[in-house]
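The values are calculated or read from the model by the stated rules, or taken from the named source; none is laboratory data. Bear in mind the structure is a predicted one, so any value in this text is a computation, not a measurement. Neighbour counts are summed over all protein chains in view; Cβ atoms, including those assigned to glycine, are modelled from backbone coordinates with ideal geometry. These accessible areas exclude ligands, DNA and RNA; they are computed on the full protein's heavy atoms, side chains included. Shrake-Rupley method; radii C 1.70, N 1.55, O 1.52, S 1.80 Å.
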Amino acid sequence: MFGDLRRFDTDWAPGTDWFRRLFDEMWPEPGVADIRSVPRGSFPMINVGRTDDAVRVYVFAPGLTPEALDISLQDNVLTVSGERRETPAEDEASSQRSHFRRERPQGAFSRSLALPEGLDPDRAEARFHDGICEVVLPKREELKPRRIDIQAS
């Protein structure tokens, strides 16, 4: 909850913001990333996590249907592509007036990310619910951690 307090502006020493920004750029906190760390226009946002059994990829695609997404895996590279179209109401409104600000990305998109070795693409599954597509890529059985029993003599 309070993990990254440096984002809040504090006027403790006026004129030193340049030094704080320089310091943050030179030594960023490991593992800290937020929406500002993703390049502009990166859509959809993606989270990747790993368990002992699988790698899980969460694709955040609000306003899209499962049919609008195409997910493929080749040589441990997962590619998410598709197209986000304007809704008829937006299309009608854009012909009547110009936009002052438009932050919702639209048009064709494609994102690729490298995944770790040892996944079983034949058992991959994808589920879509409320604009979030969860892709589960199980690890091959021989690469899963296993418990070794200790025998007493």
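Some notes on this structure:
- Matching residues in segment 112-128 - criterion: being in contact (Cβ under 8 Å) with a residue 24 or more places away in the chain, open to solvent by 70 Å² or more (accessible area, probe 1.4 Å) and in a strand (DSSP E or B): S112, A114
- Number of positions in segment 101-111 that are outside any strand (DSSP E or B) and within 15 Å of M45 (Cα to Cα): 4
- Annotation note: Cβ proximity below 6 Å between a residue of segment 129-153 that is farther than 30 Å from E67 by Cβ and a residue that is of a type in the set (D, E) and open to solvent by less than 90 Å² (accessible area, probe 1.4 Å) (sequence gap 6+ or interchain) occurs for R140/D120.
- Listed by position, the strands (runs of 3 or more DSSP E) inside segment 12-99 whose residues that are over 18 Å from P138 (Cα atoms) and either modelled with pLDDT of 85 or more or open to solvent by less than 70 Å² (accessible area, probe 1.4 Å) (or both) number at least 3 are 77-84.
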